[in-house]
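Here is the structure we will look at.
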Amino acid sequence: MKSITMAVLLLAAPVVLAQSPNERVHALQKRDYSVKNKIEVSGFFGLSVDDIFTQHYSGVLAIDYHLDEAFALEFTWLSCKLPFYMGSKVADNPSAYTGSWFRKGHSYTDAYDNLKDAQLSPSNADLAMISNYWGLNVEFSPIYGKFSFFNWGLVRADFYVTVGGGLVTTEYMRPDNTWVDTGSYFMGNFGLGLRVFLKRWFAIRLDMRDFTFAAKVEGEAGPSGTTTETKIRSTLFVMLGVSFLFGGETPVEIWSPY
Amino acid sequence: MLNKLTAICVLALGLGLVSHASAQSTSERLNQAVQDYNSSDFAQAAKTFYEVKMTSPQPAERAQAEYYLAQSLFKLGMYQSALAFYNAVFIAGPAHPYYLKGAAGLVRVAEALHDDTLIPSQINKYYNSQEFARLDPLVLSKINFYVGLLLYRQEKYSESMAFLTAIDPKSSVYPKGLFLQAIIHVRLGARYNLARDEARTQSEYNQAIKLFTQILDLSGHEKAKAEKAVATYENIVRLWQLSTLNLARAYYGKGDYAKAATYYSRIPRFSQDWADALFELGWTFFMREEYGKALGALHTLHSPRFANMFVPESLILKATIYFHVCLYQEARQVLDFFDQHYAKMLPMLEGLLKANLPNEKFASLLLRDKLDTSDPMAKVPVLVRNSLLESPRVGKFRHFLRSLEAEALAIGQVDEWKGSRLREELAGVVNVQRNLLMKTAGGYVKANLQNRYQTILGFLSHAKMVKLEITTRERELIKAGLDIKAEHRGKLAPRPRVPDETYNYWPFRQEYWQDELGFYVYTVRRACPGNKK
């Protein structure tokens, strides 16, 4: 599918070449950026965009193996915090700890502050934030396209859908600014992405992924003690990164005489 | 009487003394010139060698001075001037002590000037196989190649083959010799084909295929060997491509269209030979009755990338394909385009050719980048001019002219030669050669314009025949009660199947994407009566 034409590469055809209703012209083009059997290593910067109370900043490492031109398996590590680092324990609460520098980035949004000002508080489940995620995805690229910007050149793109799951660790911050580790559990995700090839070995990637997990947090204290609250949370990430491709078919070189 | 005798004796004695003094003087000057030559003062050396050549009473000195004068001029980059003296050495024959060196000098000048016509012709005229056997085998190989090329151009194929097969495999021109031999076999194959001698046709094409394959095999088909071949042989990368193209042609000549298509498709996109390959691929697919692919190849050829190419036959081929698939309206449209773009050139070309212009007037078409509006050559259509400029011979003419102009300038700038006879003589040599070149280049242009004129004229009559056939077929359609419009006869064929996942499919929507050129395929309406599918 020819996706978005920013400029026509060559001028319009002479009159004799205008297509008649009795013919169709097609281009059956050998792909010049085959990804089959290639390994792709990508690094992303990610940002959550749809949470009401939380804001994530993350680094993402992805390693893809392209089974063919359309399917790939991807290992993903998304990290909003140094893994396995828990900060300083709080003496009276073994699940809580203090310190913030070890998180790569987080914040609670204005909505959280507004609620606090109104003497209200969102549930702890709404405040749970992803710390680290390790998972496997399957990627399918059914759509390809190409772009040309004012005849400066031609870049090719693959559009893909991705789905997968893996292990996530989450945390939330209590009003006393101590962090509570909620443990690890399964997190699923699905998303859409665009891979723009600037070279056969180099691409820019833009991903949107929706991560869904069941946040298990401390509920409100009752007569029988503290309850556990579970809530399905969904966080949409926008991720922008670069990738490098290795292996696969090597292009034919000039010395191979035709 | 006695007085007269005495006077004669005195005069003779005097002359003898003068002559002796002169001999001493020239021998010293010769030594001085050799010293200048050895210390790379070639301008001064040339001047002195010239004086010795003109004044020495000793034939051996004159011969030595003549050869080293040529050498000095060659070292100064004054190739045309050097040529004059190498040539004098060479045509003096084996009696000249520097005869063989003169022959080698001629080869060097031919290479420097990119001249594969005038010097080879001179060498051929005075070719002495007995004496040349004493030459360095690599120099002799080059001589054999040049003479073989010359004889090939004169269509003396068996004589040419004799020279070409004598080229040493270690020579840098060895692949060129193989290539010319193969081309001769192709020419002979075509000739036997016309005479309907099937056995000899096949034999000639097979020999050509063997030789072209031999050239490709020089690459060893691996990087290290190919790089070695590139370092050893002249222009081998270009020859590999030309061999591929000509392998395709040889298979086409043999009637093996599948293999022909394979080799045509190997010509790299956007390379020098790609347009030729596309056009010939169109013919190949036509012969295989793969009309969609044939139209696809022509679609690229008719894209804006090749808008300024002279391709009249491709339009006739396109119309013929439409005719074969009963798309008469489309065929007529292409022929009308041919009339508008090519047939209309005929009156102008005819006018130029019949204007009795001297050959020199035609030369500006090749040798000038910009033409004045007053220049008759400015009237030549861009398509025709481009078709002439594409020829490698044009590059050689231009190189030769630039070289002569630079040489004329350089001769005037050598301080040591101011007011000397050497400068006058060299300036004269270059000027004469320049005039000759103008005439030769002009003759080349004139012959090619004549050729283009005849080509268009020939295809014009072909176009008329196709139009007549179309009219007949349309009349038959009407008689059979069928609609004359193809839209009402038959269905459009489905889009072509994508061979595998390594291919991308793009529909063509009236815009050419550079990356899609060369990958087009047509599907057409099955419009022939009786075609139910």
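Under Stokes-Einstein, with the Kirkwood radius over Cα pairs standing in for Rh, what whole-number D in µm²/s applies to the protein assembly as shown at 4 °C and 1.567 mPa s?
38 µm²/s
If each of residue B:436 and residue B:54 carries a label point 7 Å out from its Cα toward its Cβ, how far apart are those two points in nm?
About 2.1 nm separates the two model spin labels.
Let me have the relative contact order for chain B, percent, based on Cα pairs under 8 Å that are six or more residues apart.
Details: 631 pairs, mean separation 58.6, N = 533.
Contact order relative to length: 11 percent.
How would B:346, B:76 line up from fewest to most surrounding beta-carbon atoms within 10 angstrom?
Values: B:346 14, B:76 18.
Ordered from fewest to most neighbouring Cβ atoms within 10 Å, B:346, B:76 come out as B:346, B:76.
Read phi for every residue in the range B:392-400 and hand back ³J(HN,Hα) as whole Hz from Karplus 6.51 cos²θ - 1.76 cosθ + 1.60, θ = phi - 60°, with x for Gly and Pro.
Listing the rounded values in order: x, 5, 5, x, 5, 4, 5, 4, 4 Hz.
Shape verdict for the range B:350-461, please, from the Cα gyration tensor: rounded (a/c under 1.5), prolate (a/b greater than b/c) or oblate. Kindly include the intermediate steps, with their values, before the conclusion.
Values: a/c = 3.00, a/b = 2.71, b/c = 1.11.
Prolate shape, in that a/c is at least 1.5 and a/b is the bigger ratio.
Lysines near residue B:467 by alpha-carbon distance under 17 Å, same-chain residues fewer than 8 away left out - which ones?
B:318, B:485
What is the gain in length, in nm to one decimal, between residue B:155 and residue B:227 on full extension, counting 0.36 nm per residue of separation less the C-alpha to C-alpha distance?
On the way: separation 72, 0.36 × 72 = 25.92 nm, distance 3.43 nm.
The span from residue B:155 to residue B:227 would gain 22.5 nm if fully extended.
Can you find, among B:100, B:395, A:112, the residue farthest towards the positive end of the dipole of the protein assembly as shown? Put +1 on the C-beta of Lys and Arg, -1 on that of Asp and Glu.
It is B:100, whose Cα lies furthest towards the positive end.
In whole Å, how far is the Cα centre of the range A:17-64 from that of the range B:125-158?
Cα centroid to Cα centroid, the span is 61 Å.
Indicate the gyration tensor shape class of the range B:253-326 (rounded, prolate or oblate), computed on the Cα atoms with a ≥ b ≥ c the square roots of the eigenvalues: a/c under 1.5 is rounded; otherwise a/b larger than b/c is prolate and the rest oblate. If you can, show how the numbers build up before the last one.
On the way: a/c = 1.97, a/b = 1.07, b/c = 1.84.
Cα axes put the range B:253-326 in the oblate bin.
Give, in nm to one decimal, the length gained when the segment between residue A:47 and residue A:19 is fully stretched (0.36 nm per residue of separation minus the Cα-Cα distance). Before the final figure, lay out each step's value.
Details: separation 28, 0.36 × 28 = 10.08 nm, distance 4.79 nm.
My answer for the length gained is 5.3 nm.
Rounded to the nearest Å, what's the spacing between the alpha carbon centres of the range A:187-220 and the range B:353-407? Just the number, please.
With the range A:187-220 and the range B:353-407 each reduced to a Cα centre, they are spaced 64 Å.
Compute the angle between helix B:291-301 and the longest alpha-carbon principal axis of chain B, please, reported from 0 to 90 degrees and rounded to the nearest 10.
Rounded to the nearest ten degrees, it is 40.
Measure nothing fancy, just the Cα-based angle from helix B:137-153's long axis to the longest principal axis of chain B, in degrees from 0 to 90, nearest 10.
In chain B, helix B:137-153 runs at an angle near 50 degrees to the longest axis.
Subtract the Cα-Cα distance of residue A:201 and residue A:71 from 0.36 nm times their separation in residues, and report this length gain in nm to one decimal. Don't skip to the end; give the middle numbers.
Working: separation 130, 0.36 × 130 = 46.80 nm, distance 1.77 nm.
In short, 45.0 nm is gained.
From the residues B:429, A:20, A:186, which one has its Cα farthest along the dipole of the protein assembly as shown in the positive direction, the dipole being from +1 and -1 charges on Cβ of Lys/Arg and Asp/Glu about the Cα centre?
Ranked along the dipole, the leading option is B:429.
For residue A:37 paired with residue A:150, estimate the spin-label separation in nm (one decimal), with each label point 7 Å from Cα along the Cα-to-Cβ line.
So the two model labels end up 4.1 nm from each other.
Once you sort the root eigenvalues of the Cα gyration tensor of the range B:163-262 as a ≥ b ≥ c, which label holds: rounded (a/c under 1.5), prolate (a/b larger than b/c) or oblate (the other case)? Please report the intermediate quantities before stating the final value.
Values: a/c = 3.08, a/b = 1.68, b/c = 1.83.
In terms of gyration-tensor shape, oblate.
What's the Kirkwood radius of the range B:228-272 in Å, using all Cα pairs?
The answer is 11.2 Å.
Would you compute, from DSSP H runs of 4+ residues alone, the mean residue ellipticity of the protein assembly as shown at 222 nm, taking -39500 (n - 2.57) per run and dividing by the full residue count, rounded to the nearest 500? Display every interim value, and only then the final one.
Working: 25 runs with 382 residues, N = 791.
-16000 deg cm²/dmol, from helical runs alone.
Percent of alpha carbon pairs in chain B separated by more than 31 Å?
Values: 87194 of 141778 pairs.
The answer is 62 percent, as a whole percent.
Estimate the FRET efficiency between residue A:159 and residue B:190 by the formula 1/(1 + (r/R0)^6), using the beta-carbon distance for r and 51 Å for R0, to the nearest 0.05.
Values: r = 52 Å, r/R0 = 1.02.
Step by step, r from the Cβ atoms, then E = 0.45.
For helix B:421-479, what angle does its Cα long axis make with the longest principal axis of chain B, in degrees from 0 to 90 and rounded to 10?
Helix B:421-479 sits at roughly 10 degrees to that axis.
Gap in Å between the Cα centre of the range A:129-179 and the Cα centre of the range B:253-308?
45 Å
Within the range B:415-457, whose backbone N sits under 16 Å from a point 7 Å along Cα→Cβ of residue B:368?
B:438-439, B:441-443, B:445-446
Compute the distance in nm between two label points, each set 7 Å from the Cα along the Cα-to-Cβ direction, one at residue B:480 and one at residue A:228.
With each label point 7 Å from Cα toward Cβ, the separation is 8.2 nm.
No value in this document is a laboratory result; all are computed from the given coordinates. Note that the structure is a prediction, hence the values are computed from the model and not measured. Cβ atoms come from the backbone with ideal geometry, glycine included; neighbour counts cover every protein chain shown.
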